[in-house]
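Visitor: Have a look at this one before I ask anything.
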Amino acid sequence: MPAELPPLFPEAASTIAPRVDALYEFLVGVTAFFSLLIAGLIVFYAVKYRRRSPDEVGARIAGGLVLEIAWTLIPLAIVLVIFVWGARVFFAIARPPAETLNVYVVGKQWMWKFQHLNGLREINELHVPVGRAVKLIMTSEDVIHDVFVPAFRVKADVLPGRYTHLWFQATKAGRYHVFCAEYCGTKHSGMIGQVVALDPADYQVWLASGRAEGSLASEGGKLFQDLACHTCHRPDVQGRGPMLEGLFGRTVRLQEGTLQVVDEAYLRESILNPNAKITAGFQPVMPAYQGLVSEDGLLSLIEYVKSLGDANRTPLAQPESGGPAPGEATPARPPGGAR
Amino acid sequence: MSENPVVVPSRHYLNDQVGVASWLLTRDHKRIALLYLVGVTFFFFIGGAFAVTIRLELATPAGDLLSDDTYNKMFTMHGVMMVFFFLIPAIPGVLGNFFIPLMIGAQDVAFPRLNLLSWYLFMIGAALATYAVVSGGLDTGWTFYTPFSTSSSTSAVVPAALGIFINGFSSILTGLNFIVTIHRLRAPGLTWFRLPLFVWSHYATSLIMVLGTPVLAITIVLVAAERLFGFGIFDPARGGDPVLFQHLFWFYSHPAVYIMVLPAMGVISELVAAFCRKPIFGYTFVAFASLAIAVLGFLVWGHHMFVAGQSVYAAMVFSSLSFLVAIPSAIKVFNWTATMYKGSISWETPMLYAIGFIGLFTIGGLTGLFLAALGVDVHVTDTYFIVAHFHYIMVGGTIMAYLGGLHYWWPKISGRTYNELLAKVSAAVIFFGFNLTFFPQFVVGYLGMPRRYHAYPPEFQVLNVLSSAGASLLGIGYLVPMAYLAWSLRYGRHVGPNPWGAVGLEWTTTSPPPTSNFNQTPIVTWDAYEYPARIEGHVA
Amino acid sequence: MSPESTAGVPRAHVLAHHFESLEAQQQAATLGMWIFLVTEVLFFGGALAAYAVYRGWYPEAFAAASHELDIVLGTTNTAILITSSLTMALAVHAAQLGARTKLLALLGATALLGAAFLGIKIVEYAHKFTEGHVPGPGFMFAAEHVAHAQVFFSMYFVLTGLHALHMVVGLGVLAWMMVWAWNGRITREYASPVEISGLYWHFVDIVWIFLFPLLYLIGRHPGA
């Protein structure tokens, strides 16, 4: 039985934590002020105006417009301040910086699988470096879960069939709780673990110490061959399927005319249910891999496609120039095999 | 104190007709109110029993009292019983049913048989939910999130959902009844702005009941269709979206919390006016605030989903609207407080509950601002901070108002009075026990303890022990009024028509009232809380 | 009991004790029915919101699935229901005139048309079963759209199933009105039960008017 009093705040171990705490303290102040004000007035009036004889009545006061306006507008101003402040903190929480160290997370009843890009896997424990922005790209294999790290003041639901993300930058080395914070069944309260923040040097040591068979991307490359993706998605010539080099992050045109950004979600959908959103100029011949690839496999394939170059780093033909944009139907080079 | 002897009416609504059939087939809104009283009290104690097991388990960090599945069923069923079979029906079903016709000078509600049907639907729905409880229990949380509730849970989801569905119709018909009653059955001269604020609050509540509950009903149908027939409406593998469930669910369930609190606010208006013996300050503002809460309450459901994957822009919209909905509640709190200025304030039990409500609702409501603030909500959502917030409003708010109203109107309902000392002590025990139970939960929530956790890290134990200690006090506090109110039915002192010296049509008729409420339809030419210069001839 | 009561004299046994006049009672009943219909709008509205979200995400799958519905039967049903609203409106008019025989005939015609609607629906559902278009483990559809067509059919069955349930209730209400028309309880002064039933029937018709294009006519062009 712990003998000392519990603290009022969890440790503040991320860049955003002090900002959240500052807003929280302001809110505590506002709450305390108004609660004490109302309580004080009530007690004061109750004593001062207590009934002195059984047939006494109160004064006939119907109301006062000035007061009504005052206690409408002043609270309105206060909540406006809180709204703006809260929104600004929220934007910082919701928008990761451009450069992040990515870790893939798969939640399932009732454990967390963390996959580092170098191929290292962790279960219920996540090692991260202090002082670098880390982005978690997360999905669930079954029901809705949630990653919550109180010390970092961040939380995000983890959904099946979709990718969600969460980012943080740890400021202090240490071990911090990570909880599942969306009820998910029997062992919901057992779906917990630790984020281990290490100083950069220690983190490099840790990275090197693990026995990884290869990076996540190279694993994806192997799966790419095993599943015969390479027969249609060829790197050298246009095959039956779009070329994947430099594709990640690019905007392509779909068959129905709409534009689509090639992100993790689109890649996942294109593997599981390829005919939902077909790139313009291609036939619906790709088999659906629903049920044939696990969530882990999907993540490794996505990382492999990312490793083939993304839109920022290896640009091919520019859409605005004379050359064909990826996905546009081009009379000069018909999709292989069809004609 | 006047010494007029109390004239006890020989015939009144309680003894006009006797026999079980005369109760179970009654069309008298007052008897139906008592049928609701029996029902909601019973289900309150069932829900309370689940709360006891929760707090017992949480006194220690390890999950050592119950298995995890059992614990998950305990908190689920605590929520289901309390929300659907106590908090939503209690004040409208008991106090609304009894007093709206009396307050407007009518003989009954617009559709008395529909009113009885509402009670039967409530009881049938509750019975089905109870069947779900005893046939294995429900473990989805009262919020039923998909895909857990549709594809993962092996508990009695469909019977429970069906029970809630049927209970929803009870709510819809009650709301419909109240709206038509208030529109059509007001006594001559009783214009809208002469209505007691209790009536305004119930009118606003009825609007929500009628507009919101059907969306819960269709949501339940979709979940049941997925469980029973395998329709993949929320199944991501088949193109369904589990987050769509959350939108549909919260579209009702957020306004539902206003169904729980608006009637309570209506009670408080009556109590403050009566025990200060003056009009509620800013009557018109309070009346419109009720309507504003009802309307704005439909626009904020997304604040339950700030971390659920919705867009940042949607979050901004819901956050700003959530701040707006706090303003009318603040207006009410200020107006009640201002009413006390230069009042003639007496400290009987109902007023204690009213003051307790104002204090605790203020705290609970202000902690709502923490949740509307996006940056803080990310940290505290799905933690005990949320649990503390809603218990401050629903227990510190609604239940205290319910008890206050019950004590205030008990003499009218029963013709008898209760032991004032015991009542005051119980109110104090409840107030103290409540704060000890739930205040530590704000702290442990910010520290990071998630909700719906069967076991927790040891550093959260001290705060949990405080909370469990408070819960045992709270439980005792709730049991004692049961005892003395029941005792008073037989042994309590008889009272006259107006024991409190209050103003309102219900106080012009006998205690208990005759079946037809009034011997003659009143003609109203006065405002809602127009106190005479002195109270003459009332018997305390 | 003559079906035509003396004008202006409400019959005591239909006036409830808590209303001051039959007119007040009838106005309250009408207001009550309108409020009930608002709740029904919200009920179907929730399902239509879900439908709208999914159709927005999967327009082609929805169009492909919609093409599998029998447009002839759907159109026939629409015509039947619109006609039934006509007979219902005429029934209300007959009630207000105190024309008992016409009232009975028109109520009967409405009920018959409603039953025909349900009969055709049963035929359509049977087709869906044999074609494997019922969502669940046995669902079959062209590979291109199989994932999302199932969502369409889930919404199809939920929407038309709930609508059919409301039709069944409507047939019950019509039967009830026919009994009251038969034994003379409906008179010129007390026609409001038929009026209120008419409101309900028209509402159920209007729901179908929404469902028909949303379910049967996605992406269809004349001659296609």
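The values are calculated or read from the model by the stated rules, or taken from the named source; none is laboratory data. In this text the structure is predicted, and so the values were computed from the model without any measurement. With ideal geometry, Cβ positions are generated from the backbone for all residues, glycine too; neighbour counts draw on all protein chains shown.
Visitor: Which is among the small types (G, A, S), in a helix (DSSP H, G or I) and more than 10 Å from chain A (Cβ to nearest Cβ), of B:A354, B:A294?
Guide: Numbers: B:A354 fails: more than 10 Å from chain A (Cβ to nearest Cβ).
It is B:A294.
Every residue, every condition in (1) in contact with a strand residue (DSSP E or B) (Cβ under 6 Å, 6 or more places away or on another chain); (2) assigned to a loop (DSSP other than H, G, I, E, B); (3) more than 30 Å from B:G137 (Cβ to Cβ), yes or no:
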| position | (1), (2), (3) |
| --- | --- |
| A:D202 | no, no, yes |
| A:H230 | no, no, yes |
| A:E256 | no, yes, yes |
| A:Q260 | yes, no, yes |
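Visitor: Out of the strands (runs of 3 or more DSSP E) lying entirely within the range A:144-196, which hold 1 or more residues that are in contact with a His (Cβ under 7 Å, 6 or more places away or on another chain) and within 23 Å of B:D139 (Cβ to Cβ)?
Guide: Working: elements: A:145-149, A:154-158, A:164-169, A:174-180.
Passing ranges, in order: A:154-158, A:174-180.
Visitor: Output the number of the condition that B:S149 fails; it satisfies all remaining conditions of (1) under 23 Å from B:A264 (Cβ atoms); (2) part of a helix (DSSP H, G or I).
Guide: With (1) under 23 Å from B:A264 (Cβ atoms); (2) part of a helix (DSSP H, G or I) applied to B:S149, the lone miss is (1).
Here's the yes/no breakdown for (1) in contact with a helix residue (DSSP H, G or I) (Cβ under 9 Å, 6 or more places away or on another chain); (2) without any contact (Cβ under 8 Å) to a residue 60 or more places away in the chain:
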| residue | (1), (2) |
| --- | --- |
| A:L41 | yes, yes |
| A:R52 | no, yes |
| A:G63 | yes, yes |
| A:V66 | no, yes |
| A:T72 | yes, yes |
| A:L80 | yes, yes |
| A:W85 | yes, no |
| A:N102 | yes, yes |
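Visitor: Can you tell me which residue among A:I42, A:I69, A:I74 is part of a helix (DSSP H, G or I), at pLDDT 95 or above, crowded, with 19+ Cβ neighbours inside 10 Å and not polar (S, T, N, Q)?
Guide: A:I42
Visitor: Could you run through the range B:82-102 and say how many residues are farther than 12 Å from B:M394 by Cα and in contact with a Gly (Cβ under 6 Å, 6 or more places away or on another chain)?
Guide: So the count comes out to 1.
Visitor: Please find, among B:F198, B:F178, B:F193, the residue that is under 22 Å from B:Y120 (Cα atoms) and assigned to a helix (DSSP H, G or I).
Guide: Residue meeting the stated conditions: B:F178.
Visitor: Separate question: Take the range A:258-293 and flag every residue that is within 18 Å of A:S218 (Cα to Cα) and touching a residue at least 40 places away in the same chain (Cβ under 8 Å).
Guide: A:E264, A:R268, A:V293
Visitor: Checking B:G239 against (1) at negative phi; (2) crowded, with 22+ Cβ neighbours inside 10 Å: exactly one of these is not met. Which one?
Guide: (1)
Visitor: Quick check on my filter: what residues within the range C:114-151 are modelled with pLDDT under 95, part of a helix (DSSP H, G or I), more than 9 Å from every other protein chain (Cβ to nearest Cβ) and closer than 26 Å to B:V223 by Cβ?
Guide: Those that are modelled with pLDDT under 95, part of a helix (DSSP H, G or I), more than 9 Å from every other protein chain (Cβ to nearest Cβ) and closer than 26 Å to B:V223 by Cβ: C:K128, C:F129.
Visitor: Filter the range B:297-325 down to residues that are surrounded by fewer than 22 Cβ atoms within 10 Å (Cβ to Cβ) and within 9 Å of chain A (Cβ to nearest Cβ), then give me how many there are.
Guide: Within the range B:297-325, residues that are surrounded by fewer than 22 Cβ atoms within 10 Å (Cβ to Cβ) and within 9 Å of chain A (Cβ to nearest Cβ) number 6.
Visitor: Can you name every residue in the range A:180-233 that is within 14 Å of chain B (Cβ to nearest Cβ) and out of contact with any Asp or Glu (no Cβ under 9 Å at 6 or more places or on another chain)? Please lay out each step first, then the result.
Guide: Within the range A:180-233, the first condition is being within 14 Å of chain B (Cβ to nearest Cβ), and the residues that meet it are A:180-195.
Within the range A:180-233, A:M191, A:I192 meet the criteria.
Residues are listed down the side, and each one gets a yes or a no for (1) buried (at least 24 other Cβ atoms within 10 Å of the Cβ); (2) charged (D, E, K, R):
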| position | (1), (2) |
| --- | --- |
| B:Y384 | yes, no |
| B:L403 | yes, no |
| B:K424 | no, yes |
| B:I430 | yes, no |
| B:L447 | no, no |
| B:H454 | yes, no |
| B:N464 | no, no |
| B:A469 | no, no |
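Visitor: Sticking with this structure for a sec: With the requirement that a residue be of a type in the set (A, V, I, L, M, F, W, C), within 7 Å of chain A (Cβ to nearest Cβ) and in a helix (DSSP H, G or I), what does the range B:335-351 give you?
Guide: If the condition is that a residue be of a type in the set (A, V, I, L, M, F, W, C), within 7 Å of chain A (Cβ to nearest Cβ) and in a helix (DSSP H, G or I), then B:A338, B:M340 are the ones that fit.
Visitor: State all residues of the range B:180-206 that are small (G, A, S), surrounded by fewer than 24 Cβ atoms within 10 Å (Cβ to Cβ) and within 12 Å of chain C (Cβ to nearest Cβ); if no residue qualifies, say none. Give the steps one after another, and end with the answer.
Guide: Step one: list which residues in the range B:180-206 are small (G, A, S), which gives B:187, B:189, B:201, B:204, B:206.
Within this subset, residues satisfying the condition of being surrounded by fewer than 24 Cβ atoms within 10 Å (Cβ to Cβ) are B:187, B:189.
B:A187, the sole residue that qualifies.
Visitor: What are the residue pairs meeting all of these: first residue in the range B:104-126, first residue more than 13 Å from every other protein chain (Cβ to nearest Cβ), second residue among the charged types (D, E, K, R) and surrounded by fewer than 23 Cβ atoms within 10 Å (Cβ to Cβ), Cβ atoms under 7 Å, and 6 or more apart or on different chains?
Guide: These pairs meet every condition: B:L116/B:R27.
Visitor: Could you count how many residues in the range A:45-59 are loosely packed, with under 15 Cβ neighbours inside 10 Å and either among the charged types (D, E, K, R) or more than 7 Å from every other protein chain (Cβ to nearest Cβ) (or both)?
Guide: So the answer is 5.
Visitor: Separate question: Only residues in the range B:463-475 that are closer than 13 Å to B:I54 by Cα count as the first member; pair them with residues that are among the basic types (K, R) and part of a helix (DSSP H, G or I), Cβ under 6 angstrom, at least 6 apart or cross-chain, and list the lot.
Guide: Correct list of pairs: B:S468/B:R55; B:A471/B:R55.
Visitor: Could I ask something else about it? Hey, could you check the range C:39-56 for residues that are over 30 Å from B:G175 (Cβ atoms) and touching a residue at least 60 places away in the same chain (Cβ under 8 Å) and say which is farthest from the other protein chains (Cβ to nearest Cβ)? Lay out the reasoning, then the answer.
Guide: Our first condition is that a residue be over 30 Å from B:G175 (Cβ atoms); within the range C:39-56, this holds for C:54-56.
When the remaining residues are screened for being touching a residue at least 60 places away in the same chain (Cβ under 8 Å), the result is C:54-55.
Details: C:Y54: 7, C:R55: 11 Å.
Checking each candidate, the answer is C:R55.
Visitor: Regarding the range C:141-163, can at least one residue be identified that is exposed (fewer than 15 other Cβ atoms within 10 Å of the Cβ) and touching a residue at least 24 places away in the same chain (Cβ under 8 Å)?
Guide: Among the residues of the range C:141-163, at least one is exposed (fewer than 15 other Cβ atoms within 10 Å of the Cβ) and touching a residue at least 24 places away in the same chain (Cβ under 8 Å), which makes the answer yes.
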